[in-house]
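Report on the structure given below.
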């Protein structure tokens, strides 16, 4: 175990929107240290979103992140001989990370040509409260609701 917490790294805002959240999203999107490629994929996806919807792509992206971000999760905890799924609140930082990672994971799993098109499709679906990332959030919330009786086991 660590002796102390690691220092939180400072992330520079992205060049097009000047948003720290976009930089975090691109960092999650990046594979094998190819940040330039990750930015290109993200901005291509934003252009596709703008082309298809005609609205501000940054706002659609923010709506997608908000719709895919879970508020609670279930954690397994062993009490006596049984394992219980205990619903717990998620810290704000982790909520955002989970939402971003779900959008990226389900965008990669989509059918389509090119990651930019897949990402654009997932973002537009998530902004309308559809898509696999939003479904995962709803499933997580449903599971937490079903196990609410065990909330008193929270430590």
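Side notes on the structure shown:
- The set of residues in segment 139-155 that are surrounded by 14 or more Cβ atoms within 10 Å (Cβ to Cβ) and either within 15 Å of residue 69 (Cβ to Cβ) or in contact with a helix residue (DSSP H, G or I) (Cβ under 7 Å, 6 or more places away or on another chain) (or both) comprises 140, 141, 144.
- Taken over segment 99-118, the criterion of being under 11 Å from the mean Cα position of the chain (by Cα), surrounded by fewer than 21 Cβ atoms within 10 Å (Cβ to Cβ) and either free of Cβ contacts under 8 Å to residues at least 60 places away in the same chain or not in a helix (DSSP H, G or I) (or both) is satisfied by 105 alone.
- Top-ranked residue in segment 28-61 [being under 20 Å from residue 109 (Cβ atoms), within 19 Å of the chain's Cα centre (by Cα) and free of Cβ contacts under 8 Å to residues at least 24 places away in the same chain; ranked as surrounded by the fewest Cβ atoms within 10 Å (Cβ to Cβ)]: 31
- Annotation: of all residues in segment 13-27 being surrounded by fewer than 15 Cβ atoms within 10 Å (Cβ to Cβ) and in a helix (DSSP H, G or I), the one that is nearest to the chain's Cα centre (by Cα) is 27.
- Any hit, segment 78-92, residues being farther than 23 Å from residue 134 by Cβ and surrounded by 19 or more Cβ atoms within 10 Å (Cβ to Cβ): yes
- Matching residues in segment 52-70 - criterion: being closer than 15 Å to residue 134 by Cβ and touching a helix residue (DSSP H, G or I) at 6+ places or on another chain (Cβ under 7 Å): 60, 61, 63, 64, 65, 67, 68, 69, 70
- Residues that are part of a loop (DSSP other than H, G, I, E, B) and either modelled with pLDDT under 90 or out of contact with any strand residue (DSSP E or B) (no Cβ under 7 Å at 6 or more places or on another chain) (or both) within segment 83-98 comprise just one, 91.
- Selection status of residue 125, in contact with a helix residue (DSSP H, G or I) (Cβ under 6 Å, 6 or more places away or on another chain) and part of a helix (DSSP H, G or I): no
The values are calculated or read from the model by the stated rules, or taken from the named source; none is laboratory data. Note that the structure is predicted; figures quoted are calculated from it, not measured. Neighbour counts are summed over all protein chains in view; Cβ atoms, including those assigned to glycine, are modelled from backbone coordinates with ideal geometry.
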